[in-house]
Amino acid sequence: MGTRRRLRIETFLLIVIIAGCSHPLPNWGGREAIDPDLPRLPILEHPREQDGKVLIRVKNGSLPLLEDHITELSPGPRTLLVVTSNEPQETSNEEAGGAIALWLRGRNSQRARLPQFTSGRVNPGTSQDWHVDLKPGEYLLSISYPAELSTSEAVLVIR
């Protein structure tokens with residue numbers, strides 16, 4: 001009786017294995033990429049510089065020199081010069097005197113492996129050096145403070 005039972009179990013397992021292997025495997029080669037492609041924007045290979053520092057101008061809650069381009073920079077330590085306009089921001093951050101802060105972080109899935117940097121608060125009508133050590137990859141630069149201005153983003157590609 002034990003031999004018949006063992007034979008039935010082996011037959012059942014063989015049928016399950018054959019049935020499971022008869023289904024075609026999914027087409028992994030045709031799958032979507034994890035990250036969407038970079039937006040189709042002109043490439044800015046030589047961003048504006050002032051005293052050897054990449055210039056980041058913030059005006060009315062936007063990044064006018066960078067947001068309509070993909071900015072390419074070389075990897076390594078860089079100094080970014082954050083310059084804010086003297087015009088008052090139309091936000092509710094009166095307690096901070098209209099100050100802004102910038103956030104540079106990896107784009108999409110690269111966010112986990114790339115470093116992120118924050119500029120600290122920059123008051124209106126002033127400039128501030130921002131020291132970053134950029135690794136190769138794709139970054140997003142946005143205004144992180146105040147939150148109402150965080151809709152403007154620029155793409156930086158480090159090669």
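The values are calculated or read from the model by the stated rules, or taken from the named source; none is laboratory data. None of these values were measured; they are calculated from a predicted model. Using ideal geometry, Cβ is built from the backbone for each residue, glycine included, and neighbour counts are taken over all protein chains shown.
I need the full set of residues from the stretch 50-64 which are part of a strand (DSSP E or B), farther than 13 Å from ALA101 by Cα and at pLDDT below 90, in order please.
Passing the criteria: only GLN50.
Can you tell which of GLU95, GLU87, GLU67 is modelled with pLDDT under 85, in contact with a strand residue (DSSP E or B) (Cβ under 9 Å, 6 or more places away or on another chain), surrounded by fewer than 17 Cβ atoms within 10 Å (Cβ to Cβ) and farther than 25 Å from LEU38 by Cα?
Matching residue, one of GLU95, GLU87, GLU67: GLU87.
Pairs under 8 Å by beta carbon, first residue touching a residue at least 60 places away in the same chain (Cβ under 8 Å) in the stretch 40-64, partner aromatic (Phe, Trp, Tyr) and in a strand (DSSP E or B), six or more apart or different chains?
Filtered contacts from the stretch 40-64: ILE56/TRP130.
Residue under question is THR126, and the condition is that it be at pLDDT 85 or above and in contact with a His (Cβ under 6 Å, 6 or more places away or on another chain); does it hold?
The answer is no for THR126.
Using the structure shown, decide if GLU148 is at pLDDT below 90, more than 20 Å from GLU45 (Cα to Cα), surrounded by fewer than 19 Cβ atoms within 10 Å (Cβ to Cβ) and in contact with a Ser or Thr (Cβ under 6 Å, 6 or more places away or on another chain). Steps first, please.
Values: at pLDDT below 90: yes; more than 20 Å from GLU45 (Cα to Cα): yes; surrounded by fewer than 19 Cβ atoms within 10 Å (Cβ to Cβ): yes; in contact with a Ser or Thr (Cβ under 6 Å, 6 or more places away or on another chain): yes.
So GLU148 passes the test.
In this structure, does LEU44 turn out to be closer than 23 Å to GLN128 by Cα and either at pLDDT below 85 or in contact with a Ser or Thr (Cβ under 7 Å, 6 or more places away or on another chain) (or both)?
yes
What is the residue count in the stretch 98-120 for residues that are surrounded by 15 or more Cβ atoms within 10 Å (Cβ to Cβ) and outside any helix (DSSP H, G or I)?
Total meeting the criteria: 13.
Can you work out which of the residues in the stretch 37-49 that are outside any strand (DSSP E or B) and aliphatic (A, V, I, L, M) is nearest to TRP103 (Cα to Cα)?
Checked the stretch 37-49; the qualifying residue nearest to TRP103 (Cα to Cα) is LEU38.
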